[in-house]
Amino acid sequence: MNLIPFLICFPFVVAVFMYLIRNNKIRNGVAYVSLGVIMATAAFLLVDFISNGARASAYQVENELVEMLILIAEVGLMFLVVYQCIRYKKYLISLLSVVQTLLVIWLEHFGPVIADTPQLYLDRLSMLMIVIVAFIGGMITIYAVGYMHGYHHYHTEFPDRRYYFFSLIFVFLGAMFGLVLSKSMLWLDFFWEVTSICSFLLIGYTKTDEAIQNSFRALWMNLLGGLMLAIGIASAVFQMGLVDIQSIVNNGLIIPIACFAFAALTKSAQLPFSRWLLGAMVAPTPSSALLHSATMVKAGVYLLLRLSPALSGTMTGTMVSFVGGLTFLLASLLAISKSDAKAVLAYSTISNLGLIVACAGVGMRQTIWAAIYLLIFHAVSKAMMFQDVGAVENSLHSRNIENMQGLIYRLPRLAFIMLIGIAGMYLAPFGMLIAKWAAFKAFVDASNPLLIIFIAFGSSTTMFYWTKWMAKIIGPPRVDTPLRDVTKKNEYASLYIHAFFMVVICLLCVPMSKYVVLPIELDLFGSATMTLDSADIMVMVILLIAIVVLPFICYLGTKRHKRKHVISYMNGVNAGDNKNFIDSFGEEKQLYTANWYMMDYLGENKLLTPCIIVSAGMLLIMMCLIIGGAV
């Protein structure tokens, strides 16, 4: 257990050095060594946890200095938010931080008596999150070292503040470790706010008008969630003097659980709070990868998984599952209209988080099995995809999917990794589709027709936009001009490791279900049931072989001496170069094919605002019913 305080505190110490060191080479070296220490610590903690029988254990922090430091940090974060809000004339946003901070400080030091609670807690779910944050977040940071060098080489209009960027990244990692290890809701609230402030500062990194606007949108939405979290803590303290999350769940405290669930919806970017995550796309790619895969958005679903035993059959559970299911469907529809690769990934993230949220809201053992599977595969696959798109953009100077035509021939290594990522997001036997099948079955067993409709149509639209993207990558290139791959070795190291993990966890899906997912389910519900049978396993093995072999054949096809030049049939009028055709007037015109993005039907200007209004109205009505029923 002595590793736990070190794992939380060490990234914060490194963050100070990252900020103070202004020599890039020295800072990069310190970053590599520090990330190695973090990963090694997480690995040692995992080994120690398993060797002790994977038993849950609590950790009491008796040092008053630690409590004082947290108090100072809470006040410091509040003043930082107030300063930034005054600087950019966002005065109302500052009130959210002030009210929340003062409420929590009052509860801790001047409010009702609070039952003694160990501040930290390690069980299988928190151990899983530690592994995800340490290794996926760590590899993203390694990727960021090379990416940010190229980023400022090509974007000289932005000031080079890598010392600031990497300092925030390490603070982010430390805060996530603290969040997933917190047993006391007061400690969880503190680390929750640290992640919110870090995301705000990372999104505004370039200091452009768009970046500033998007960062403040993320700030107020996440601060609203933080305020609801603080209100929920206050309600639990006034009702029973509890801040222990497990005790709150076991006692079924309605209002605290509803407030916590609301906060989780904001952090996991569910409708109507999805726009903060879409706005995060203005940040450098490593920020997007961290926010969308390993850290920020996972904090919300992690909290919902903790709450899930108390959500089954309740109005709060209905609210959570409805919002999650609606988000899953509508975000999938909106993704169809996007040709910007990062925008597609953003909507895909929101959509898949919606399915995890819906599963947590139903609160059945089968849906939690699906939710944990989704969490694992989404973390690996989406982190890899964001990094890959960033690397492609640096070489292609575009992240438009239409410009990725024939990418397998022009940037074969990056295209091959991208194909693995896309396969991981929507094809069997990768976990996303397995989990969707398990969730669908659970929704049927729960006789929930609305969620059945959401997952059926949401899954079909997911297949639509991923297939379009995949077809562009493996299609014939418009031009034969080779591209110079500027991706650095450290970026490729992260990409290769992510791709390797993607295939390995697919191959080990059955052992992972037995030794990772089911034990977490057992911790949460007291019982667990194996979801996969032998027939499912055989089908997945066959599909895995096909999925691995086909992209490999495409990769081999990139060798020029093995490529066969085939003239496309264009009604007999191909000009002979596959780039032009002869029209009915005998004139030569350029051949161009493009996907249909249905902008007139599914564009943001058509669909997003109505979605936000409907979801906001339903969320408000349900929260009123929950509070009214509890009172």
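For Thr467, the requirement of being among the hydroxyl-bearing types (Ser, Thr, Tyr) and open to solvent by less than 40 Å² (accessible area, probe 1.4 Å) is not met.
This table checks each residue for (1) of a type in the set (S, T, N, Q); (2) over 21 Å from the mean Cα position of the chain (by Cα); (3) open to solvent by 60 Å² or more (accessible area, probe 1.4 Å); (4) modelled with pLDDT under 85.
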| residue | (1), (2), (3), (4) |
| --- | --- |
| Glu491 | no, no, no, no |
| Ser494 | yes, no, no, no |
| His498 | no, no, no, no |
| Cys506 | no, no, no, yes |
| Val516 | no, no, no, no |
| Ser527 | yes, yes, no, yes |
| Thr531 | yes, yes, no, yes |
| Met540 | no, yes, no, yes |
| Leu543 | no, yes, yes, yes |
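Within the range 324-368, the residues that satisfy the criterion of being hydrophobic (A, V, I, L, M, F, W, C) and open to solvent by 10 Å² or more (accessible area, probe 1.4 Å) are Leu326, Leu329, Leu330, Leu333, Ala343, Val362, Met364.
In the range 115-137, the residue that is nearest to Ala493 (Cα to Cα) out of those that are in contact with a strand residue (DSSP E or B) (Cβ under 7 Å, 6 or more places away or on another chain) and open to solvent by less than 10 Å² (accessible area, probe 1.4 Å) is Leu122. Here Pro159 fulfils each of the conditions (1) in contact with a Leu (Cβ under 8 Å, 6 or more places away or on another chain); (2) outside any helix (DSSP H, G or I); (3) of a type outside the set (A, V, I, L, M, F, W, C); (4) modelled with pLDDT under 90 apart from (1).
Sort through Ile245, Ile254, Ile233 and tell me the only one that's surrounded by fewer than 22 Cβ atoms within 10 Å (Cβ to Cβ), more than 22 Å from the chain's Cα centre (by Cα) and more than 27 Å from Ile21 (Cβ to Cβ).
Ile254
Considering the range 390-400, and only residues there that are in contact (Cβ under 8 Å) with a residue 60 or more places away in the chain and crowded, with 24+ Cβ neighbours inside 10 Å, the residue that is nearest to Ser312 (Cα to Cα) turns out to be Gly390. Confirm whether Glu521 is charged (D, E, K, R), under 30 Å from Arg55 (Cβ atoms) and either open to solvent by less than 40 Å² (accessible area, probe 1.4 Å) or at pLDDT 85 or above (or both). Considered against the rule, which asks whether it is charged (D, E, K, R), under 30 Å from Arg55 (Cβ atoms) and either open to solvent by less than 40 Å² (accessible area, probe 1.4 Å) or at pLDDT 85 or above (or both), Glu521 comes out as yes. Filtering the range 53-73 to residues that are of a type in the set (Asp, Glu) and either at pLDDT 85 or above or surrounded by 10 or more Cβ atoms within 10 Å (Cβ to Cβ) (or both) leaves only Glu67.
Please verify whether Ala379 is under 30 Å from Tyr515 (Cα atoms), buried (at least 21 other Cβ atoms within 10 Å of the Cβ) and touching a residue at least 24 places away in the same chain (Cβ under 8 Å), treating the condition exactly as stated.
Working: under 30 Å from Tyr515 (Cα atoms): yes; buried (at least 21 other Cβ atoms within 10 Å of the Cβ): yes; touching a residue at least 24 places away in the same chain (Cβ under 8 Å): yes.
When the stated conditions are applied, Ala379 passes them.
Ile401 meets all of the listed conditions (1) hydrophobic (A, V, I, L, M, F, W, C); (2) over 23 Å from Ile350 (Cβ atoms); (3) touching a strand residue (DSSP E or B) at 6+ places or on another chain (Cβ under 8 Å) but one, namely (2).
The values are calculated or read from the model by the stated rules, or taken from the named source; none is laboratory data. Please read all numbers here as calculations on a predicted model, not as lab measurements. A quick note on method: Cβ atoms are made from the backbone with ideal geometry, for glycine too, and the neighbour counts reach across all protein chains shown. Just so you know, the surface numbers come from the protein's heavy atoms only, side chains and all, with ligands and any DNA or RNA stripped out. Shrake-Rupley method; radii C 1.70, N 1.55, O 1.52, S 1.80 Å.
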